[in-house]
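The values are calculated or read from the model by the stated rules, or taken from the named source; none is laboratory data. Quick caveat: nothing in here was measured; it's all calculated off a predicted structure. Neighbour counts are summed over all protein chains in view; Cβ atoms, including those assigned to glycine, are modelled from backbone coordinates with ideal geometry. Accessible surface areas use protein heavy atoms only, side chains included; no ligands, DNA or RNA. Shrake-Rupley method; radii C 1.70, N 1.55, O 1.52, S 1.80 Å.
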Amino acid sequence: MAQAKITENTSKLASYDAYFEMVQRRKKLPRNLQETLTDAFANIPVSSFPQVPGGKVIEIDAETSIGDAVKILSESNILSVPVKNPAAQNSLDWRERYLGVLDYSAIVLWVLEGAETAAAAISASSAAAAGVGAGTVGALGALALGATGPAAVAGLTVAAVGAAVAGGVAADRGAGKDAPTAADKLGEDFYKVILQEEPFKSTKVSSIIKSYRWAPFVPVAMDSSMLSVLLLLSKYRLRNVPVIERGSPYLKNFITQSAVVRGLVGCKGRDWFDCISAHPISELGLPYMSADEVISVRDDELILEAFKKMRDNNIGGLPVVEGPKKKIVGNVSIRDIRFLLLKPELFSNFRQLTVAGFMNTVASATHDATKAATPITCKLGSTLCTVIDTLASKLVHRIYVTAEDCDEIVGVITLRDVISCFIYEPPNFFDNYFGFSAQEMLGN
């Protein structure tokens, strides 16, 4: 088991190295400018970064129930939260005190994987009240298990979960016909309708530690450099970095990729930023990921396959393309699972439900065909400043790059890519800075 863990961590580090080496090969920012920026970020303390809203980082105990975890995430309007080890409450060692970071999507997919149990916990009368027929079964359970063939109808009555949610929305909000509106309150509806029932009521957060999108707890100190944060959020693929105070058991801040990119927007007017961001992305080597490296889904593929690709590749969204030239026609993200949960009627013919059909249904339900599943795009001639503005203002994690004369995808730019654009990793940086290797750091 230990050897398997070492092998897994080594593989991850190899992929991190490969990504960053690829970035260094492809980006065209002059090396001397990269060195200047890297040195500058190395001298900016983490304490200078803006605090989280309210100034207090939300944490949960590993013994917290799934239901209460969802309620905390929902009421705090956050998507991820550090998880404390109840057996080490008095420890000042963060490697003992914290178990990891729980992402909201981990809870959603855990619910889907527990579909069979959930169906047993929810009465048939609830499904009937929501107007779902007995034949609507198995689709989300099949998604979670990676099955899209005959096994997809092997009795995983996960539609009962969606039915209960929809029924609860109708009863509590009087909005049963407006599932997308209810979907925006997904956390609250989960808590009210499903997570007060067994097994969710008594299942603890510690039970889903190994679920999809569980992230390691890798903190930096208040007096650490912002370079360490930027490297963790870019090369080492963390979506958030907790900030601790040396000798104190309490978190001081929680820095996300999105927050860093929003911080870059605030750098407008500074010579170094304006000089770089005024360039078209193509002149800076962006996008780093070329067209043949972009993972996409065809509009005629099953929506279940789209979500399976996201799960298998640990990514949060996919461009929807059509034709041999991969013309982009839409976008689906892990967040769109909410529509599947809150509109179980989508699965009346789930084996025939294509990505295009799913997007059309969502567009129809939202009464805005231009809003639902609309891809966020830019051109090769777009400036880096424009790309950063779009990522920050649209609150998205990626922007697809299309050819100048058509909507053919030629690449994708992620938050991670934008952060990587400005820096490089000095030799043995984490070994020298933290006093232990990246493998130890990311394998806790």
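Just so you know, in the range 222-235 the residues that are open to solvent by 10 Å² or more (accessible area, probe 1.4 Å) and not hydrophobic (A, V, I, L, M, F, W, C) include one that is farthest from residue 101 (Cα to Cα), and it is 223. Contact map, the range 254-273: residues that are under 18 Å from residue 423 (Cβ atoms) paired with residues that are part of a loop (DSSP other than H, G, I, E, B) and open to solvent by less than 30 Å² (accessible area, probe 1.4 Å), Cβ distance under 8 Å, separation 6+ or inter-chain. Pairs shown: 273/267.
Any residue at all in the range 200-218 that's open to solvent by less than 40 Å² (accessible area, probe 1.4 Å), modelled with pLDDT of 80 or more and closer than 22 Å to residue 42 by Cα? Yes, the range 200-218 contains at least one residue that is open to solvent by less than 40 Å² (accessible area, probe 1.4 Å), modelled with pLDDT of 80 or more and closer than 22 Å to residue 42 by Cα.
Look at the range 51-68: where a residue is in contact (Cβ under 8 Å) with a residue 40 or more places away in the chain and a partner is assigned to a loop (DSSP other than H, G, I, E, B) and of a type in the set (Phe, Trp, Tyr), sitting 6+ places away or on another chain with Cβ atoms under 7 Å, you get 66/200; 67/200. Scanning the range 279-294 finds no residues that are within 14 Å of the chain's Cα centre (by Cα), at pLDDT 85 or above and surrounded by 22 or more Cβ atoms within 10 Å (Cβ to Cβ). Among the residues of the range 66-79, those identified as surrounded by fewer than 19 Cβ atoms within 10 Å (Cβ to Cβ) and at pLDDT 80 or above are 68, 72, 76, 78. Which one of 392, 365 is aliphatic (A, V, I, L, M) and either modelled with pLDDT under 95 or assigned to a loop (DSSP other than H, G, I, E, B) (or both)? Residue meeting the stated conditions: 365. Can you work out which of the residues in the range 418-434 that are open to solvent by 10 Å² or more (accessible area, probe 1.4 Å) and assigned to a helix (DSSP H, G or I) is nearest to residue 398 (Cα to Cα)? Step by step, filter the range 418-434, then rank; the result is 429.
Applying the criterion of being outside any loop (DSSP other than H, G, I, E, B) and open to solvent by 10 Å² or more (accessible area, probe 1.4 Å) to the residues of the range 295-304, the residue that is nearest to residue 33 (Cα to Cα) is 298. Which of the residues spanning the range 278-303 are within 30 Å of residue 361 (Cα to Cα) and of a type in the set (Gly, Ala, Ser)? Listed by number, the residues that qualify are 291, 296.
Kindly indicate whether any position in the range 314-327 is open to solvent by less than 40 Å² (accessible area, probe 1.4 Å), at pLDDT below 90, under 16 Å from the mean Cα position of the chain (by Cα) and more than 29 Å from residue 220 (Cβ to Cβ). For the range 314-327, residues open to solvent by less than 40 Å² (accessible area, probe 1.4 Å), at pLDDT below 90, under 16 Å from the mean Cα position of the chain (by Cα) and more than 29 Å from residue 220 (Cβ to Cβ): absent.
Within the range 80-96, restricting attention to residues that are part of a loop (DSSP other than H, G, I, E, B) and open to solvent by less than 50 Å² (accessible area, probe 1.4 Å), the residue that is modelled with the lowest pLDDT is 91. Among residues of the range 274-294 that are more than 14 Å from residue 419 (Cα to Cα), those with a beta-carbon under 8 Å from a residue that is assigned to a loop (DSSP other than H, G, I, E, B) at least six positions away or on a different chain give the pairs 274/268; 280/380; 280/381; 280/382; 282/380; 282/381; 283/28; 291/326. In the condition set (1) part of a loop (DSSP other than H, G, I, E, B); (2) open to solvent by 10 Å² or more (accessible area, probe 1.4 Å); (3) modelled with pLDDT under 95, residue 381 is compliant with all but (3). Condition first: modelled with pLDDT under 90, closer than 24 Å to residue 234 by Cα, in a loop (DSSP other than H, G, I, E, B) and touching a strand residue (DSSP E or B) at 6+ places or on another chain (Cβ under 9 Å). Can you find one or more residues in the range 47-57 that meet it? Yes, the range 47-57 contains at least one residue that is modelled with pLDDT under 90, closer than 24 Å to residue 234 by Cα, in a loop (DSSP other than H, G, I, E, B) and touching a strand residue (DSSP E or B) at 6+ places or on another chain (Cβ under 9 Å).
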